[in-house]
Amino acid sequence: MRAFHRAYANKPHSDWARIPPREWDLYHDLYSDRRSKWDSVPAAVLAHKLITGFLNEASPATPVQSAGASNDGVKIASFGCGRDMLFEHALVDEAKLRAVGHITVDAIDVHTAVWTTDEAKSTVNVRVHRANFCSTAALKKLLLPGEDSAQRWGDYDFVVICLALMSQDSFLHAVMSAVHLLKPTGKILVAEVC
């Protein structure tokens, strides 16, 4: 993993889309092996906190119940979902345990992942997109279609960034992209290692 990070950390995030699939799979295999030794997985912790803290229907200030909430439920953009889509799977598992409204997740990464779950039994709808989440223009075109998308606020309640800011330029660009996608009352949830 260190060799992978040394090779790509100083490159712009847009170069990550050019990582050969074999190297990408090797990286995720090594990451999965290392993750199996962790006491807790940040993606699962974020999903739990999002469901129990922000979307808990017992709380009067939740986006699901707030006056400004969309009838479509809560919208989440997940930056850097990775091959295993850990946050998305953890969110589905958490939603099964608690009474939450409908949640739509747009999972975005430079390499596509395949979403597999029994969505018929879930209140979480996951859509997977191949895009550079550090490119505000690309994300707005993909997720906020329409002529006025350059001027308006986004319609996302949350942007989740979990262990996805691996290139040197990614933090600033990812946060700028997130700000453009969020509603004025939206929140950015970040879990990263230093």
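All of the numbers you see were taken from the coordinates with simple rules; none came from a lab. Note that the coordinates shown come from a computational prediction; the quantities given were computed from them, not determined experimentally. Heads up, the Cβs are rebuilt from the backbone with ideal geometry, glycines too, and the neighbour counts pull from every protein chain shown.
What distance in nm separates the simple spin-label points at Asn125 and Ala138, each placed 7 Å from Cα in the Cβ direction?
In this crude label model, Asn125 to Ala138 measures out at 2.5 nm.
Take the cross-link list Lys37/Lys183; Lys96/Lys140; Lys49/Lys96 and give me the ones stretching past 26 Å between alpha-carbons.
The pairs that break the limit, which is 26 Å between Cα atoms, are Lys37/Lys183; Lys96/Lys140.
Using per-residue counts of other Cβ atoms within 10 Å, averaged over each peptide, order 158-164, 175-181 from highest down.
158-164, 175-181
Evaluate the distance, in nm, between pseudo-label points positioned 7 Å from the Cα of Ser32 and of Arg98 along their respective Cα→Cβ axes.
2.8
What's the ranking of 74-87, 131-144, 27-40 by average number of surrounding C-beta atoms within 10 Å, highest first?
Highest-to-lowest ranking by the protection proxy: 74-87, 131-144, 27-40.
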